[in-house]
Amino acid sequence: MVNLEWYRSFIEVYRAGTVSRAAQVLHLTQPAVSQHIAGLESTLGVLLFQRLPRRMLPTEDGKRLYTRVVTAIEALESIPTKTNPGDTPLHIRLGTPTEFFSEYVLERLPKEDTVLFTIQFGLLQDLIEKLLDNQIDCAIATQKIAKPELEYQLIFAENFWLVGSPKVVVPISQDVMQADLTSLEQWLRPQPLIAYSEDLPIIRRFWRVVFGQRLDVNPQFVIPDLRTIREAIAQGLGYSILPDYLCMEWVNNHHLTLILKPAKAVSNQIWLAYRKSERQSQSVTLLLNCLGKH
């Protein structure tokens, strides 16, 4: 008779590609997971994985078995979260960038006392590692890092705007800018630039897409917090490229000047990342409903 845990180990090894990573997800030892796979193969009489030096590669029999059992295993794993006692709050551990959480996520979270949140801030790679190690339940990701154990759902698309202080005067008419952005690019070069990091990934991308050339100026200020950059611009310290969700209200209230909203949008997608085994869990379902599943 096949033990249900053998199937769970098989599913995780299939997704993770290694026994060690599957053991971390399942909170088991590597020998235990290996024994589960060996027991399943012996019982079924087929080889489920090809053992390579650094990876467990599914065989054709392994692929067929995964297709047959994965839906049933996921349904069984989701039962505990769906049948929580009414007096036990749902606890969600969410990893997220600080700015997006405070400006977009926070106001969309449920206010009921039936849900408890533990928020962890961090950079993308750190959050993904915590998600893989089951230290958090979901992560807000500014890009998709391919991992076989993870799944991503699009929740938001941010567009980037070029903004300056409320007192800035751009000596170029809108008619001229609409016809040719060369004069705007030349005017910006001597102006003080505020950046999030030394490598300027978003700003350089914005320059290539909008102005059609590489940016070769150094920022006067490097501030690793977008909200602080927004405040620095409002205080007249320079200009920068900010996501629309962060500066739209400030532009409308005349705390910032919208220098350029490109006709050809420079966009970035934001995702909710979670473990595939948890796709039917209450935590994932609730967050997707709150944050706007696309």
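No lab work stands behind these numbers, since they all come straight from the coordinates. All values derive from a computational prediction rather than experimental measurement. In this analysis, Cβ positions are derived from the backbone assuming ideal geometry, glycine residues included, and neighbour counts consider all displayed protein chains.
Here the spin labels are modelled as points 7 Å beyond Cα on the Cα-Cβ line, and at T98 and K276 they lie 3.5 nm apart. The fewest-to-most ranking of M248, M56 by surrounding Cβ atoms within 10 Å reads M248, M56. About the centre of its Cα atoms, segment 4-82 shows a dipole size close to 240 debye [charges on the beta carbon of Lys, Arg (+1) and Asp, Glu (-1) only; nearest 20 debye].
Subtracting the Cα-Cα distance of D199 and V168 from their residue separation scaled by 0.36 nm leaves 8.6 nm. Distance between the C-alpha centres of segment 262-286 and segment 141-187: 21 Å, rounded to the whole angstrom. Phi-derived couplings, Karplus 6.51 cos²θ - 1.76 cosθ + 1.60 at θ = phi - 60°, listed residue by residue for segment 154-165: 5, 10, 6, 10, 9, 10, 9, 10, 8, 10, x, 5 Hz, with x used for Gly and Pro.
Report the longest stretch of the chain that contains none of the trypsin sites (Lys or Arg not before Pro) sitting in a DSSP loop with at most 10 other Cβ atoms within 10 Å. It works out to 55-110.
Along its first, second and third principal axes, ordered by size, the chain spans 80, 48, 29 Å in Cα coordinates.
Distant-in-sequence amide contacts of A195, defined by a placed amide H-H separation under 5 Å and a gap of 5 or more residues or a different chain, comprise F221, V222, I223. Here each label is just a point 7 Å from Cα along the line to Cβ, and for L154 and R51 those points are 4.3 nm apart.
For K264, the aspartates and glutamates whose Cα comes closer than 17 Å to its Cα, not counting residues fewer than 8 places off in the same chain, are E158, D175, D180, E185, D244. Panel order for S240, S20, by other beta carbons found within 10 Å of each beta carbon, from fewest to most: S20, S240. Can you figure out the FRET efficiency of R189 with K144, using R₀ = 30 Å and their beta-carbon distance, to the nearest 0.05? Here the calculated transfer efficiency is 0.30. Each Cα pair under 8 Å and six or more residues apart adds its sequence gap; the mean of these over the residue count of the chain is a relative contact order of 23 percent.
Among the GluC sites (Glu not before Pro) in segment 156-221, those placed in a DSSP loop whose Cβ has at most 12 other Cβ atoms within 10 Å are E198.
By other beta-carbon atoms within 10 Å, ranking D225, D216 with the fewest at the front produces D216, D225. With a Förster radius of 30 Å applied to the C-beta separation of N289 and D225, the computed FRET efficiency comes to 0.55.
With the cut-off at under 17 Å, measuring from each backbone N in segment 215-242 to a point 7 Å along the Cα-to-Cβ line of K264 picks out 215. What the Cα convex hull of segment 158-266 gives, in volume per residue, is 94 Å³. Charges were assigned to the Cβ only: +1 to each Lys and Arg, -1 to each Asp and Glu. The resulting dipole of the chain about its Cα centre is roughly 720 debye. In terms of overall dimensions, the C-alpha atoms belonging to segment 4-82 reach 39, 24, 19 Å along their principal axes, ordered largest to smallest. For the pair L123 and M177, the difference between a 0.36 nm per residue extended length and the Cα-Cα distance amounts to 15.8 nm.
Pairs from the table (K111/K261; K130/K261; K111/K147; K63/K130; K144/K167) lying more than 31 angstrom apart at Cα are K111/K261; K130/K261; K111/K147; K144/K167.
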